[in-house]
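For reference, the structure discussed in these notes is given below.
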Amino acid sequence: MKRIILIFSIVFSSLLLYGSNDEKPSWVSGYFKEMQYSYLEVVHAFDYDLPSARNRAISEIISRRSIATGTEASVSINNSRDINVSAGHELIVKSRIIDEYVDHTSAGYTVYLLVQTAKNPTFEYDPVHVTNEYGFSARVLVPGMAQIYKGSVGKGVVFIAGEVAAIGGIVVCQSMRSSYLAKASSSHNAEYIKTYTEAANRVTGVRNGLVAGAVALYAWNVIDGIVAKGKKHIVAGNVQFDFNPYMATQDFGLMLTMKF
């Protein structure tokens, strides 16, 4: 039983170790999406201090837009988020910073910006936001899958390894218990019968401990998969849910429709 407690202590310690998600958003490695009225893209820049790196990244946005328009432009930045490029008194490019990530090393700062640009400055932006929350998924029923999906790969692997180890231990203990009981029932020596029976009882206790641990770990996996936040990801557009009645020859009811 002490070994079982030690094993699950290691598993739970590992879960706490991997409990925090990597805060680096997935879009940092590159992202582009064209929507109905706008598009999303990523720019980045490096410098020795944070303000300079951020200004360089914003300059990259401006440079891209200026090159695209082929027009000498003036720039205004409001609240460090809204970027408007104008020619004369006419707004020709409208952009905004959706999210920002800073990678700091001993060499300096690299600033990554997720930018949304309207296809026409008179257009409203398509709804976009970045979140670390995830909707319910059937992945929570499979150990580790919800955690891996949310970006917590280390935590997901620990859940999988813990369940595999527990189930493997249960199988081994049950096999040993059956073997000891078979030896006890086939022996005519009272001392041997007592020894085998006691061994079977000890293995039974270990098996029961493993079963309890596996159930507890699985319950933790489900709860964590539902409530834990994950790596930041982009949600573009609105999801609308509609319930529509339907009728068939021998059936009727409601149909759920999702519009993206």
Out of all the residues in region 147-196, which are within 30 Å of A228 (Cα to Cα), buried (at least 20 other Cβ atoms within 10 Å of the Cβ) and of a type in the set (S, T, Y)? S152
For region 115-124, enumerate the residues that are of a type in the set (V, I, T) and not in a strand (DSSP E or B). T122
Would you mention how many residues in region 75-108 are over 28 Å from the mean Cα position of the chain (by Cα), outside any strand (DSSP E or B) and not small (G, A, S)? 2
Tell me which of these N55 doesn't satisfy, since it passes every other one: (1) farther than 30 Å from V153 by Cβ; (2) modelled with pLDDT under 60. (2)
Qualifying positions in region 92-109 - surrounded by 20 or more Cβ atoms within 10 Å (Cβ to Cβ) and in contact with a Ser or Thr (Cβ under 6 Å, 6 or more places away or on another chain): S95
Within region 125-144, does at least one residue satisfy the condition of being in a helix (DSSP H, G or I), under 25 Å from F46 (Cα atoms) and in contact with a strand residue (DSSP E or B) (Cβ under 8 Å, 6 or more places away or on another chain)? no
So how many residues does region 131-146 have that are loosely packed, with under 15 Cβ neighbours inside 10 Å and touching a residue at least 24 places away in the same chain (Cβ under 8 Å)? 5
Within region 200-214, residues closer than 17 Å to V158 by Cβ and either free of Cβ contacts under 8 Å to residues at least 60 places away in the same chain or not assigned by TED's automatic domain parsing to the domain that holds P143 (or both) come out as A214
If I go through region 26-68 residue by residue, how many of them are touching a residue at least 40 places away in the same chain (Cβ under 8 Å) and assigned to a strand (DSSP E or B)? 11
Evaluation of Y112 against (1) of a type outside the set (G, A, S); (2) surrounded by 18 or more Cβ atoms within 10 Å (Cβ to Cβ); (3) not in a strand (DSSP E or B) (one fails), failing number: (3)
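The values are calculated or read from the model by the stated rules, or taken from the named source; none is laboratory data. The structure displayed is predicted, hence computed values, not measured ones. Because the Cβ atoms are built from the backbone with ideal geometry, glycine has one as well, and the counts that use them run over all protein chains shown.
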